[in-house]
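Beneath this line is the structure, given in structure tokens, with notes to follow.
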Amino acid sequence: NEKKIREMEKLSIVGELAAGVAHEIRNPLTSIKGFTQIIKENINDEKLKEYLSIMLDDLDRISNIVNEFMFISKPKETMEIKQIEINMLISNVIHFMEPQSNLKSICVSTDFDKTIVAQCDPNQLKQVLINLLQNAIEASSDNKNIEVLLKEIDDHFYMIQITDNGCGMSSERQKRLFEPFYTTKEKGTGLGLMMCKRIIETHNGTIDVKSKERLGTVVKIVLPLSRERI
Ligand code: ADP
Ligand code: MG
């Protein structure tokens with residue numbers, strides 16, 4: 001147990017450092033991307049144009065990784081815990097993801113038991129839901145629907161459950177889900193789920209994935225309703 005606590009502390013220092021470095025890299029990276037784009041548009045040599053395209057793709061990869069690192073959970077003391085209507089937060093995230101779900105004619109529906117007001121860091125929770133919905137959309141073929149369920153469990157906890165009818169995962173793949181840099185996607189970073197887990201755990205919640213190959217995946221998050229339990 002003490003070993004586990006030490007490991008958690010180490011992870012949180014590494015996380016803090018990574019988030020700080022990511023923040024510093026972001027602005028220069030944006031400028032490099034912008035200028036590379038301009039050069040590509042103003043050059044005639046086909047070979048050089050091709051090199052610049054490769055550079056732009058690689059810059060996109062770096063910026064995806066940097067963006068995910070920026071949201072690696074902050075230490076508890078710097079979390080911004082607020083009183084939030086979770087129904088609203090979920091609806092906002094679904095709306096934010098519409099450009100991606102519409103592209104595949106995927107309907108993301110909600111099943112809200114009742115209005116749930118809970119204390120959390122809203123930006124971090126949003127980031128978790130964006131990542132989970134993105135994974136669900138990426139795993140789904142066209143016209144397959146996704147459902148987000150929100151439910152109170154008892155006086156202290158509530159749950160958010162995201163169900164997709166996508167490609168699902170083998171049990172070998174499921175074992176590796178939360179490993180950093182584990183990805184099966186050509187343009188994936190493999191950091192999304194690790195980041196989700198860290199954020200949920202710093203909220204004193206749990207995240208649990210159940211999946212059947214070719215049938216789909218259910219991700220269940222349980223979170224405390226109030227600050228006293230975070
Ligand atoms: P990334 O999305 O960048 O690959 P993640 O950490 O978000 O990284 O996910 C890791 C891997 O877990 C994915 O590459 C994919 O193989 C698998 N995965 C995650 N969510 C799902 C899902 N809803 N359905 C099927 N596979 C999934
Ligand atoms: Mg992902």
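Against the chain, whose longest principal axis is taken from its Cα atoms, helix 2-41 shows a tilt of about 30°.
The Phe112 and Thr36 beta-carbon pair, evaluated with R₀ = 35 Å, returns a calculated FRET efficiency of approximately 0.20. Shown here for segment 103-157: trypsin sites (Lys or Arg not before Pro) in loop regions (DSSP other than H, G, I, E, B) with at most 14 other Cβ atoms within 10 Å, namely Lys104, Lys114. Summing +1 for each Lys or Arg and -1 for each Asp or Glu, what net charge is found among the other residues whose Cβ lies under 10 Å from the Cβ of Lys144? Spelling it out: positives minus negatives among the neighbours equals -1. Structure note, pairs Lys82/Lys210; Lys3/Lys212; Lys76/Lys144; Lys114/Lys175; Lys185/Lys212; Lys104/Lys151: Cα-Cα distances above 26 angstrom occur for Lys82/Lys210; Lys3/Lys212; Lys76/Lys144; Lys114/Lys175; Lys104/Lys151.
Evaluated over the Cα positions of segment 1-157, the convex hull gives a direction-averaged projected area, one quarter of its surface, of 13.4 nm². Taken as Cα centroids, segment 1-66 and segment 135-194 sit 24 Å apart, rounded to the nearest whole angstrom.
Label positions at Asp155 and Thr184, each projected 7 Å from the Cα along the C-beta direction, are separated by 4.4 nm. Remark: the Arg6-Glu85 segment gains 25.0 nm on full extension, using 0.36 nm per residue and subtracting the alpha carbon distance. Exposed loop sites are taken as GluC sites (Glu not before Pro) in a DSSP loop (any state but H, G, I, E or B) with at most 11 other beta carbon atoms within 10 Å; the longest stretch of the chain without one runs 81-185. For Lys33, go through the aspartates and glutamates and keep the ones whose alpha-carbon is under 13 Å away, minus same-chain ones fewer than eight residues off. Within the straight-line limit of under 13 Å, Lys33 reaches these aspartates and glutamates: Glu41, Asp57, Asp58, Asp60.
Where a number appears in this text, it was derived from the coordinates with a stated rule and is not lab data. These numbers come from a predicted model, not from an experiment. Ideal geometry is used to build each Cβ from the backbone, glycine not excepted, and the neighbour counts take in all protein chains shown.
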